[in-house]
Amino acid sequence: MESSTLNRYVTRYVTGVAPLAVLSVLLVAAFIIMNAATQNSALFGRLYSVLLLVNILGVVLLIALILLNVFHFVEQYRARIMGTRLTLRLLVMFIVLAVVPVSVVFFFSIQTLNRGIDNWFDVRIERALDDALLLGRTALDAIKQDLVKNTQEVAAELETLPVKPNAGGLRPELSLLNALREQYNITELTLFTQDGKIIASVSEANFETGTLVPDRPSDAVLAQARQGLTYANIDAVGKEGLRLRVVVPVRSRDVGAPVRVMQVLQALPPRYAKLGESVQSAFVEYEKLVYLRGPLKFGFTLTLSLITLLTLLIAVWAAIFSARRLAAPIRELAEATNAVAQGDYQKQIPVTSHDEIGILVESFNDMTRRIHRAQTQSKRSQQEAEIQRAYLETVMGRLSSGVLTFNQRLLLRTHNPAANQILGVDLKPGERRSLAWLSEHYPALGPFTEAVDAAAAAGQAEWQAQIQLSANNHRRTLMLRGTSLPSWRGKRGGYVVVFDDITTLIQAQRDAAWGEVARRMAHEIKNPLTPIQLSAERIRHKYLRQVSDEERGALDLATQTIIEQVEALKSMVNDFSEYARSAQMRSQPVDLNNLVRNVVELHKNERGLVAAGVVPLHGAAEKTRKGKTARSVVTKLELADELPRISADPGRLRQVLHNLLLNARDALAATPKPTIHVGTRVVTANVHRFVELIVRDNGPGFPEPLLARLYEPYVTSKEKGTGLGLAIVKRIVEEHGGTIVAENLKEGGACVIIRLPIGEVAVSTKAAPAAPEAATAEKKA
């Protein structure tokens with residue numbers, strides 16, 4: 001952890017701005033000193049090599065730092081860090097803009113430098129300098145020759161002067177010398193002995209006193225003069241003056257007289273001194289330049305090359321720094337945009353400048369803040385919407401009514417579980433589907449879709465309709481109520497359809513009506529039956545023995561028929577009474593398998609039914625009383641193992657099973673090999689467990705026209721019968737909280753499935769047929 005942090009710190013420091021900036025400033029200063037050394041030959045010789053080495057090392061270090069930056073950038077580019085491609089394009093553009101102009105300037109600078117240095121040493125310039133120097137020397141030689149000539153004339157004048165001076169007054173040498181000086185306009189004139197002693201001296205400085213000590217020539221010059229030779233030369237006087245020195249011998253006309261020496265000093269005008277000095281110094285400098293011509297060209301070229309290289313390196317570094325600085329906000333913007341795209345709306349970018357990019361960054365930060373606020377509000381609204389949606393789903397899920405919503409194009413949008421249950425289909429595949437699609441894939445929903453389509457086409461805001469659906473031989477009655485949803489932005493808002501299965505309600509209304517009919521029939525029909533039966537029995541008892549034998553048979557048959565038909569009418573009236581009478585249930589834990597075994601065992605012998613005190617329906621009772629038996633029927637049991645107990649009234653369940661078995665035996669009367677299957681099983685539906693009782697046969701099955709009305713009273717296909725069998729069975733099953741389904745099998749035969757809940761059953765107060773024991777007690781009364 002610490003090593004990685006240290007490495008990041010070192011990399012950031014090495015690739016940062018500070019080291020490159022400091023090194024660049026030091027190198028620029030070193031090159032300035034090096035340039036100054038190049039222009040000064042003395043400083044050049046002392047410092048140039050050291051400065052050159054320092055600059056080369058600095059340039060190498062700068063190159064290393066730049067390469068390190070480039071290496072670091074290449075790693076970022078390979079890692080595909082955001083912004084590196086833009087940085088690369090900016091870097092290449094900046095480098096090209098820097099290198100091309102500097103390279104062009106360097107090329108022409110080198111050419112100009114070489115040509116300039118070569119022009120410094122042109123033959124014409126050298127010849128001009130030589131000619132100027134020669135001209136100066138020639139002019140000075142002419143002045144010198146004139147002075148030598150004048151000096152020789154003065155010496156000739158002095159040859160007549162006696163060697164020994166006169167006593168008293170001014171010496172003749174001084175007056176003569178002064179006169180000659182003034183005559184020839186000489187600055188100073190001195191006469192020496194041959195050994196260098198001053199004989200006389202005159203000058204412009206002080207002629208009266210003669211106190212000025214003349215400048216004595218050197219011994220070599222005196223020796224040259226003693227030899228009879230003339231000495232003439234230009235001497236420097238101080239720092240800014242020149243003078244001509246001419247020394248000649250002065251011979252005496254006297255025989256044996258010693259040779260004297262005369263020195264003439266003539267001061268030259270100051271401008272001659274300045275011109276001569278200028279020419280001389282220029283010539284000297286030129287000679288130095290000629291000597292340093294090669295090193296100067298190399299030095300200037302090397303200095304210019306190093307400065308150009310330094311400029312390029314600094315330009316490359318500046319390009320890297322500028323590209324990174326320009327691309328950094330854009331990279332941060334790209335990274336922040338990516339973060340926003342991934343859902344991070346709290347992303348903020350630091351504002352490092354106040355230019356256009358800074359304004360863009362501030363705008364981005366303001367945008368993310370607004371998006372974050374909007375997202376927060378959206379999440380809050382979404383949470384509220386989810387709460388409302390969960391609330392509505394909970395409410396709709398618990399509704400017993402089916403609810404469907406359609407959009408403005410009548411495409412199904414939503415539905416609740418009750419809609420699937422009532423319609424008997426899975427509407428999940430039908431979402432976003434049209435009514436035509438629903439009709440095509442669910443043909444049983446044809447009346448439903450036609451009612452909705454007709455109401456939408458009529459443009460009714462609210463409507464109501466009652467339809468009937470038939471599926472799996474069952475007919476259901478639905479009550480539809482529809483309304484238009486509010487429009488939004490000028491578009492229709494669609495429709496909502498709420499519907500209920502009112503089949504049970506209608507059936508209850510019918511049952512109530514039939515119960516009322518049964519009570520009226522029992523009251524209106526049962527009352528006159530007893531007098532009729534008693535009258536017939538009295539006639540039979542009183543007149544049967546009084547009539548002749550021929551009439552006795554007819555009377556016996558007539559009275560017996562009346563009595564039997566009255567009994568039949570009483571039995572029918574009793575059935576109606578039982579259907580209309582309300583009875584109390586006596587629930588207890590029941591083992592359905594044992595109950596099925598006992599009832600089936602009783603049905604193996606019809607007499608066992610009477611012995612057990614079971615009172616079947618009217619048709620079966622009549623057959624039992626007449627001693628008629630049905631064709632031998634095979635009954636097969638298919639009972640589930642470990643069937644749980646249910647809470648039920650065992651007497652009523654026996655009556656249900658007796659009625660189903662008797663109806664099955666009646667239906668199998670014409671079947672060659674009649675077989676009844678009785679089974680039980682445990683099923684789970686909607687997390688609830690149920691016990692099912694299945695009774696099926698291989699007979700002709702239920703008549704198709706009667707399948708939808710099997711549980712209504714007086715609905716029967718038998719020649720004799722009241723049609724109350726399945727109606728009573730259905731009501732007993734419903735009292736136990738169960739359901740009953742009757743259907744025809746594909747392979748032939750009928751099947752009745754009774755589903756009873758596992759658990760406690762609430763006591764019902766509905767009107768139901770009385771228990772067999774109650775019916776028997778009523779008959780006895």
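The values are calculated or read from the model by the stated rules, or taken from the named source; none is laboratory data. Bear in mind that the values here come from a model prediction, so they are computed numbers and not experimental data. Cβ sites come from the backbone with ideal geometry, for glycine too, and all protein chains shown count toward neighbours. Keep in mind that these areas ignore ligands, DNA and RNA; they rest on the heavy atoms of the full protein, side chains included. Shrake-Rupley method; radii C 1.70, N 1.55, O 1.52, S 1.80 Å.
Distance between the 7 Å Cα→Cβ label points at residue 218 and residue 420: 13.4 nm.
FRET efficiency for the residue 226 to residue 134 pair, using the beta carbon distance and R₀ = 22 Å, is estimated at 0.10. Taking 0.36 nm per residue of sequence separation and removing the Cα-Cα distance, the residue 115/residue 548 pair yields an extension gain of 138.1 nm. As a rough guide to protection, the peptides 259-268, 592-601 ranked by mean Cβ packing within 10 Å, highest first, stand as 259-268, 592-601.
Report the percentage of all Cα-Cα pairs in region 304-370 whose separation exceeds 14 Å, rounded to a whole percent. Summing the P(r) tail past 14 Å for region 304-370 gives 64 percent. Ordered by 1.4 Å accessible area with all protein chains kept, 405, 337 run largest first as 337, 405.
Coupling constants for region 399-409 follow from the phi torsions by the Karplus curve (6.51 cos²θ - 1.76 cosθ + 1.60, θ = phi - 60°), and in residue order they are 6, 7, 8, x, 10, 10, 10, 10, 7, 5, 9 Hz; glycine and proline get x. Under the convention that each Lys and Arg Cβ holds +1 and each Asp and Glu Cβ holds -1, the size of the dipole of region 290-386 around its Cα centre is about 480 debye.
Amide H contacts for residue 413 (H built 1.01 Å from N in the peptide plane; partners 5 or more residues away or on another chain; cut-off under 5 Å): 405, 406, 407, 432. Charging the Cβ of each Asp and Glu at -1 and of each Lys and Arg at +1, and nothing else, the dipole of region 367-457 about its Cα centre rounds to 800 debye.
Look at the alpha carbon pairs under 8 Å that are at least 6 residues apart: their mean separation over the length of region 406-542 gives a relative contact order of 17 percent. Relative contact order of region 652-703: 37 percent, from C-alpha pairs under 8 Å at least 6 residues apart in sequence.
For residue 252, the amide hydrogen comes within under 5 Å of the amide hydrogens of 260, counting only partners 5 or more places away or on other chains and with H modelled in the peptide plane. Take the Cα of residue 557, step 7 Å toward its Cβ, do the same at residue 100, and the gap between the two points is 13.6 nm.
Between the residues 454, 506, 430, the greatest Cα displacement towards the positive end of the dipole of region 368-511, with unit charges on the Cβ of Lys, Arg, Asp and Glu, is found for 430. If the chain linking residue 237 and residue 639 were pulled fully straight, counting 0.36 nm for each residue of separation and taking away their Cα-Cα distance, it would gain 129.3 nm. Accessible surface of residue 690, taken over heavy atoms with a 1.4 Å probe and every protein chain present, rounds to 40 Å². The amide H of residue 192, built 1.01 Å from its N in the peptide plane, has 199, 261, 262, 263 as neighbours under 5 Å, considering only residues 5 or more places off or on other chains. Would you mind checking the pairs 526/718; 673/746; 542/718; 570/746; 149/274 and listing those with alpha carbons more than 30 angstrom apart? Too far apart for the 30 Å limit: 542/718; 570/746. Mean sequence separation of contacting Cα pairs (under 8 Å, at least six apart), scaled by the length of region 297-448, corresponds to a relative contact order of 11 percent.
Couplings 3J(HN,Hα) for region 660-671, derived from phi with the Karplus relation 6.51 cos²θ - 1.76 cosθ + 1.60 (θ = phi - 60°), are 5, 5, 5, 5, 5, 5, 5, 6, 8, 4, 9, 8 Hz, where x marks Gly and Pro.
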